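The structure under discussion appears below in the form of structure tokens.
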Amino acid sequence: MNKLQGIGVSEGIVIAKTYLLVEPDLTVQKQAIEDGEAEKARLQQAIAQAKEELQHIHTETLAKLGEQEAAIFSAHLLVLQDPALEMEIHQKIAAGMNVEYALVEASDMFVQLFESMDDAYMQERAADIRDVSRRILAKLLQVELPNLAAINEEVIIVADDLTPSMTVQLNKQYVRGFVTNIGGRTSHSAILARTLEIPAVVGVTGATNAIASKQTIILDGNSGEVILNPTEEQMAQYEQLQQQLIEQQQALVKYKQLPSVDQDGYAVELAGNIGKPEDVQKVLDNGGDGIGLFRTEFLYMDRADYPTEEEQFEAYKAVLQQMGDKPTVVRTLDIGGDKELPYLQLPHELNPFLGYRAIRICLDNPNLFDVQLRALLRASVYGNLKVMFPMIATIEEFREAKQRLLDVKAQLIAEGIAVADYIEIGLMIEVPSAAVIADLFAKEADFLSIGTNDLIQYTFAADRMNEKVAYLYQPYHPAILRLVKTIIDAAHANDCWVGMCGEMAGDPIAIPILLAMGLDEFSMSATSIVSRRAQLAQLSKQQLQAHIPTLLPLQRLQKSSSTYVKHCYNSASNKLDEMLTCSVFFCMSTFRLAEMLNGTYDTSCFDIAS
Ligand code: PEP
Ligand code: MG
């Protein structure tokens, strides 16, 4: 069998050789030695090799990604040049220890020492020591560490997982796609793949064992299929599919310039999600009406230390200036869960997604929070800024965050610094407790934005990173549809606008339902905007909304409602494979679901148990 199945999370087909990104085994044993001088010489050589490698990575990163990203490697070079670690290893070798073991012991000792210091800067150095020691150890053991910066030919990366910080390092020129063992549709590496427009398949159990390095594979980011050593026939078939996708994209180009309206002229906002200022151009190129989510935590990643107020100010200003009058929703730091900051030194937790993260960290660390709020408020005069807080679970959290923002604003004004007169303040509804009392939030906020990635994970108690429970990512399940409707209705009843910035907002199956429910703003990957606008132009909110009351109670097929909609999609798209936008079909699937629930539609053709 030459096919592996995973979850297609970023569209596109790519055919290339693989780059296996796996951590080598770095375990070492304590051994008695006879020649201490020889051990010291091996250490010298390993340090020299590690230094050469780090200098190379630093130069490459600087050229490809810039100074901020390269700073982490400058810090590593400093650690490498510090004689303290080497002296400690020498002492251990003198006491009869082999160099590998001496290195591990010495580095553990320094890591613990730095971690126990009161000074946050010193604590952060522990991570650098760990990284540098790992690099020297790899040289001693003569094994290769994976190195994204060293890739200089077109590849598909195969890895256990790609952390968000690894994903931002990917060089689009060479990295044509990726396959991972774990992950789901809403894990952050998947979201970033869509932002970077790199086709990706995640949740391919055992991919790193089944796929060899430098093996030619076909990756289909739509179907989630990975084909190993493709036959000539398969190559031809996929090359044809690749061509079709390109033609489809070209046919949609005209929608970049058109307004986001349904067939009756009803207008909504189709906005883009971004992670870095560089992503703004893609939103504009795709005709986005605004930015519905700027995930600012990516400014904090891949660097040795926190971004300063000035650095953040420049980043926010650049985004706002480029967007001009178009609404730009900036979300405050949402760190934790699968988004780690090594220098923040978060304690290890059993359930990081349920733990110390996002607004909880910010409210607990006013100094950290204030730097971001000052930078944001200073940048507010350059565009149409709206500020949004993540992971709000209680009204008190929202009030405290909002008050903090207003206090910082007053402080800036007292300092004579210009701030926009009125800045809309909103929150993400992504915790079920907030969804249930959305009406209370809507009374105190200017807008709500539904974060379905987390809302679905928390409602179903299903980790969004775990492919084993990926089947519980069910955006069309009545539990989710009812929550979404509750939030939209609560917002509108309280003169609040309501958007959605989770992945569901760009899901073509969900769009007719969300449109019918009255969602005002749909924020998605920039590359989805054009095709969703084409779809919208074929829908009628007025006609669709008549079906909402039937959709919600879901008397029948409760368990398999999502599966059912998917089946509708597959059956219809097979028959209508020439259709460019599939819009009529998506509309149809919503109607069919409604009709079927009324008992007026024959489900037998879909071959599913009802
Ligand atoms: C969400 O949870 O839906 C969301 C948009 O935020 P993130 O994916 O960054 O957690
Ligand atoms: Mg979230």
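Read-outs: derived from the displayed coordinates by stated rules, not from any lab. From a predicted model like this one, the values you see are computed outputs, not experimental measurements. With ideal geometry, Cβ positions are generated from the backbone for all residues, glycine too; neighbour counts draw on all protein chains shown.
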Which of K282/K339; K214/K282; K326/K409; K254/K485; K317/K409; K3/K468 exceed 27 Å between C-alpha atoms? The answer is K214/K282; K254/K485
Yeah, the stretch 224-320 with a ≥ b ≥ c from its alpha-carbon gyration tensor (a/c under 1.5 is rounded, else prolate when a/b outruns b/c, oblate otherwise) is oblate
Subtract the Cα-Cα distance of N209 and L284 from 0.36 nm times their separation in residues, and report this length gain in nm to one decimal.
22.9 nm
So if I place +1 on the C-beta of Lys and Arg and -1 on the C-beta of Asp and Glu, and nothing else carries charge, what would the dipole magnitude of the stretch 341-463 be about its Cα centre? I want it in debye, nearest 20.
240 debye
Within 10 Å of each residue's Cβ, count the other Cβ atoms and sort D82, D463, D118 from fewest upward.
D118, D82, D463
Please work out, to two decimal places, the log10 of the ratio I(q)/I(0) at q = 0.14, 0.22, 0.24 Å⁻¹ from a Debye calculation in which every Cα of the stretch 348-388 carries one identical scatterer.
-0.44, -0.77, -0.83
Summed over the other residues with a beta carbon less than 13 angstrom from that of T180, with K and R at +1 and D and E at -1, the charge totals -3
To the nearest 10 degrees, the tilt of helix 583-597 (Cα long axis) against the first principal axis of the alpha carbons of the chain is 70 degrees
For the chain, give the share of DSSP beta bridges that are antiparallel, in percent and rounded to the nearest 5; count only bridges with both residues there.
30 percent
Helix 232-252: inclination vs the chain longest Cα principal axis, degrees, rounded to 10, gives 60 degrees
Straight-line reach from K256: which aspartates and glutamates fall under 12 Å, measuring Cα to Cα and dropping same-chain residues less than 8 apart?
D285, D289
Gain in span if fully extended, N466 to V436, counting 0.36 nm per residue against the direct Cα distance:
8.2 nm
What's the magnitude of the charge dipole for the chain around its Cα centre, counting Lys and Arg as +1 and Asp and Glu as -1 at the beta-carbon? Answer in Debye, nearest 20.
1520 debye
Between E37 and F353, how many nm apart are label points set 7 Å from Cα along the C-beta direction?
5.9 nm
Net charge over other residues, Cβ less than 14 angstrom from the Cβ of L406 (K, R count +1; D, E count -1):
-2
Taking the 0 to 90 degree range and rounding to the nearest ten, how far is the long axis of helix 36-65 tilted relative to the main principal axis of the chain, both from C-alpha atoms?
30 degrees
In Å, descending, principal axis extents of the Cα set of the stretch 251-398
51, 32, 31
Step by step: find N for the stretch 470-519, compute 2.2 N^0.38 Å, then divide the Cα radius of gyration by it. What's the final number?
1.13
Starting from the stretch 131-189, pick out the trypsin sites (Lys or Arg not before Pro) whose DSSP state is loop and whose Cβ has at most 14 other Cβ atoms within 10 Å.
K172
Remind me, what semi-axes does the stretch 257-550 give for its equivalent ellipsoid, largest first in whole Å, using sqrt of 5 times each Cα gyration tensor eigenvalue?
29, 23, 18
Averaging sequence separations of C-alpha pairs under 8 Å and six or more residues apart, then dividing by the length of the chain, give the relative contact order as a whole percent.
14 percent
The answer for the net charge of residues other than R130 whose Cβ lies under 12 angstrom from its Cβ, with Lys and Arg +1 and Asp and Glu -1, is -2
Looking at the stretch 160-316 from every direction and averaging, what is the projected area of its Cα convex hull in nm²?
12.1 nm²
Work out, step by step, the length gained on full extension between D108 and E144: first 0.36 nm times the residue separation, then minus their alpha carbon distance; give nm to one decimal.
10.8 nm
With no solvent and one point per C-alpha, what does the Debye sum give as log10 I(q)/I(0) for the stretch 393-518 at q = 0.14, 0.18 Å⁻¹?
-0.65, -0.93
Three-way shape call for the stretch 36-141 based on the alpha-carbon gyration tensor, with the a/c threshold at 1.5
oblate
Could you give the C-alpha radius of gyration of the stretch 83-220 expressed as a fraction of 2.2 N^0.38 Å, taking N as the number of residues it contains?
1.33
Restricting things to Cα coordinates, could you compute the convex hull volume per residue of the stretch 250-306 in Å³?
81 Å³
When 1/r is averaged over all different Cα pairs and the result inverted, which Kirkwood radius in Å belongs to the chain?
26.1 Å
